[in-house]
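A.B. asks: Got a structure for you, questions after.
The values are calculated or read from the model by the stated rules, or taken from the named source; none is laboratory data. These figures come from a predicted structure and were not determined experimentally. FYI the Cβ positions are ideal-geometry reconstructions off the backbone, even for glycines, and counts take in every protein chain you see. We work out accessible area using only protein heavy atoms, side chains counted, and drop any ligands, DNA or RNA first. Shrake-Rupley method; radii C 1.70, N 1.55, O 1.52, S 1.80 Å.
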Amino acid sequence: MKRAMPIVWVCPRCDRPFGRANRPHTCLAGMPIEAWLDERTDAQRRAAGAVLRVVRRYRGVVVEAVSVGVLVKRERTIIELRPKQRWLDVSFITTRSIASERIVRTFVLARGTCYVVHVRDASDVDAELRGWLASSLRGG
């Protein structure tokens, strides 16, 4: 059973929920995901749509579109979509060890490793990447 995101703190100025109190952020209201997608290229929209189809299979996940990208949260942000000139940077946190030429950056965190993949179109969101995202969404 998937658990809902525990809201530990809600910013009193912008009403955004966070998994930890007093998180640094910019107090700008999120936007509808459709508005964020409208600002992307066709290929980026298709790529984001493919990632979001994976995300929407899981209960208790919050999807928040903000100016810098799309944040997918459970207790904390676990997946991000960040638009670049020619692709989306899709980052995800998992405790799995991943060795792949597709990984363009990694960051070791206390709760796992953050991996970044360049996604140019929906075809880049293949079974391998969907598996990595699913592992991140399951907390593994």
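A.B. asks: Pairs, please: C-beta under 9 Å, at least 6 apart or cross-chain, first residue within 9 Å of W132 (Cβ to Cβ) and in the stretch 91-103, second of a type in the set (S, T, N, Q) and open to solvent by 20 Å² or more (accessible area, probe 1.4 Å)?
C.D. replies: T94/T113; R96/T113; I98/T106; I98/T113
A.B. asks: Okay, next question. Could you say whether any residue in the stretch 30-47 is in contact with a helix residue (DSSP H, G or I) (Cβ under 8 Å, 6 or more places away or on another chain), modelled with pLDDT of 95 or more and within 24 Å of W9 (Cα to Cα)?
C.D. replies: no
A.B. asks: Can you name every residue in the stretch 109-123 that is at pLDDT 95 or above and either in a strand (DSSP E or B) or open to solvent by less than 50 Å² (accessible area, probe 1.4 Å) (or both)?
C.D. replies: T113, C114, Y115, V116, V117, H118, V119, D121, A122
A.B. asks: Examine the stretch 124-139 for a residue that is assigned to a strand (DSSP E or B), at negative phi and of a type outside the set (G, A, S), and state whether such a residue exists.
C.D. replies: Looking through the stretch 124-139, none of the residues is assigned to a strand (DSSP E or B), at negative phi and of a type outside the set (G, A, S).
A.B. asks: Suppose the filter is free of Cβ contacts under 8 Å to residues at least 24 places away in the same chain and under 14 Å from the mean Cα position of the chain (by Cα); does R45 pass it? Even if it seems obvious, please write down each step before you answer.
C.D. replies: Numbers: free of Cβ contacts under 8 Å to residues at least 24 places away in the same chain: yes; under 14 Å from the mean Cα position of the chain (by Cα): no.
In short, no.
A.B. asks: Could you count how many residues in the stretch 59-83 are of a type in the set (D, E, K, R), in contact with a Lys or Arg (Cβ under 7 Å, 6 or more places away or on another chain) and open to solvent by less than 30 Å² (accessible area, probe 1.4 Å)?
C.D. replies: Final tally of qualifying residues: 1.
A.B. asks: While we're looking at this one, here's another question. Which of the residues spanning the stretch 89-105 are surrounded by 13 or more Cβ atoms within 10 Å (Cβ to Cβ) and polar (S, T, N, Q)?
C.D. replies: Hits for the stretch 89-105 are S91, T94.
A.B. asks: Still on this structure, please answer the following. I'd like to verify a number: residues in the stretch 74-90 that are assigned to a strand (DSSP E or B) and out of contact with any Gly (no Cβ under 7 Å at 6 or more places or on another chain), how many?
C.D. replies: 6
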